[in-house]
Amino acid sequence: MPNKKQIKGERAELIAAEYFMDLGYLVARNMSSNGTVDLVLVDEDDTGGIILVDVKSFDHIDMDRKDLN
């Protein structure tokens with residue numbers, strides 16, 4: 001069963017994949033949980049170039065919080 005960190009990573013990858021598909025790239029996701037690349041992008045319209053993407057996620061921190069200073 002996936003833990004919260006894995007779920008967060010999966011969600012970030014899906015958001016990134018959707019973003020790149022909206023830009024017109026063909027997107028392939030890594031089929032395993034191991035590997036150096038999360039997404040492979042292929043630019044079919046222009047050059048046919050390939051871009052390798054490692055997706056990272058982060059937590060939004062409220063910079064106005066007093067306890068952070």
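A short reminder: the numbers here are calculations on the coordinates, not readings from a lab. Everything numeric here is computed off the predicted structure, so don't read it as measured data. Cβ atoms come from the backbone with ideal geometry, glycine included; neighbour counts cover every protein chain shown.
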ASP22 versus ASP59: modelled label distance in nm, points set 7 Å from Cα along the beta carbon direction: 2.6 nm
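If R₀ is 22 angstrom, what is the calculated FRET efficiency for the pair VAL42 and LEU14, using the beta carbon separation as r and rounding to 0.05?
Working: r = 18 Å, r/R0 = 0.82.
Efficiency, rounded to the nearest 0.05: 0.75.
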